[in-house]
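What follows is a single structure, written as structure tokens, with notes after it.
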Amino acid sequence: MTVTWEEAGWDRVAPGVGRCRLPGWDCTVGLVVGADRVLVVDAGSSLAEGALLRARAEEVAGGRVTDLALTHAHFDHVFGAAAFPGAEVYGAVGLETVPAEELRADAVRHGLAAEEAAEAARRLVRPGHLVSGERTLDLGGGLRVLLANVGPGHTAHDLAVLVPGSPETVFCGDLVEESGEPQAGPDAVPARWPAALDRLLALGGEDARYVPGHGAVVDAAYVRAQRDALAARYGG
């Protein structure tokens, strides 16, 4: 028996499209429900969080999650992936090379319990489908989602997800952040981040809703302002 999006903990962004903000690191996860397939965007920060997300998604969809898109290789976005058994997993080319030990150490530094981090790293899921340019994912009923490798920027391997509709929705990963300043860690490519946001804006256009990796849904003007601020700070 299905429940409403709100009852399952999802905020509706557009018809068939939702997102939820997770506690702890305020990471945003996306959900896209088609007639035949169900896509989740990012997997949460631990196996337990991933299992909760899968359960919430399947409550709404009335069926199992068939596809999982990982926007980039940071622990708060990928450590829950093993909780989606049988899902087809997508990521930008290069995401599969990020060492599990690096992710584990970063998770512990940020406050994830050492035992949870070790288990998630041990069971880390590598994408079976690597996106070098763009790839279309047919969810059925005429809903064709676009996966686009738009990086580097926040990391060397950034994937965006464009969902057509009224309005269109773009899941940005941490290329866009709303609840804090964009974070340029040691794996960022800051000089090329503005160009990645140009590609993101070209995908979605002026009327799309842009879902950041952390924070509230924003519009194109917000993304453009963040792009200009990054260009002023880092060049590009």
Filter result for the condition that a residue is of a type in the set (D, E, K, R) and free of Cβ contacts under 8 Å to residues at least 40 places away in the same chain, over ARG192, ARG144: ARG144
Inter-residue pairs, beta-carbon under 6 Å, first within 23 Å of VAL163 (Cα to Cα) and of a type in the set (Asp, Glu) and in region 41-63, second open to solvent by less than 30 Å² (accessible area, probe 1.4 Å) and at pLDDT 95 or above, 6+ apart: ASP42/VAL29; ASP42/THR71; ASP42/HIS77
Of (1) open to solvent by less than 10 Å² (accessible area, probe 1.4 Å); (2) touching a helix residue (DSSP H, G or I) at 6+ places or on another chain (Cβ under 6 Å); (3) under 19 Å from CYS172 (Cα atoms), VAL65 satisfies all except one. Which? (3)
Does region 83-112 hold any residues that are within 14 Å of GLY44 (Cβ to Cβ) and surrounded by fewer than 18 Cβ atoms within 10 Å (Cβ to Cβ), and which are they? HIS110
Looking at (1) assigned to a strand (DSSP E or B); (2) open to solvent by 30 Å² or more (accessible area, probe 1.4 Å), find the lone condition where VAL40 falls short. (2)
If you check PRO167, PRO212, which single one turns out to be in a strand (DSSP E or B) and open to solvent by less than 50 Å² (accessible area, probe 1.4 Å)? PRO212
Inside region 122-149, the number of residues satisfying the requirement of being within 13 Å of the chain's Cα centre (by Cα) and open to solvent by less than 10 Å² (accessible area, probe 1.4 Å) is 2
Here are some conditions: (1) touching a Leu at 6+ places or on another chain (Cβ under 6 Å); (2) surrounded by fewer than 22 Cβ atoms within 10 Å (Cβ to Cβ); (3) free of Cβ contacts under 8 Å to residues at least 60 places away in the same chain. GLY153 meets all but one. Which one does it not meet? (2)
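The values are calculated or read from the model by the stated rules, or taken from the named source; none is laboratory data. Here the structure is a predicted model, which is why all the values come from computation and not from measurement. All Cβ positions, even for glycine, are placed from backbone atoms using ideal geometry, and neighbour counts span all protein chains on display. To get the accessible areas, we keep the full protein, side chains included, count just its heavy atoms, and leave off ligands, DNA and RNA. Shrake-Rupley method; radii C 1.70, N 1.55, O 1.52, S 1.80 Å.
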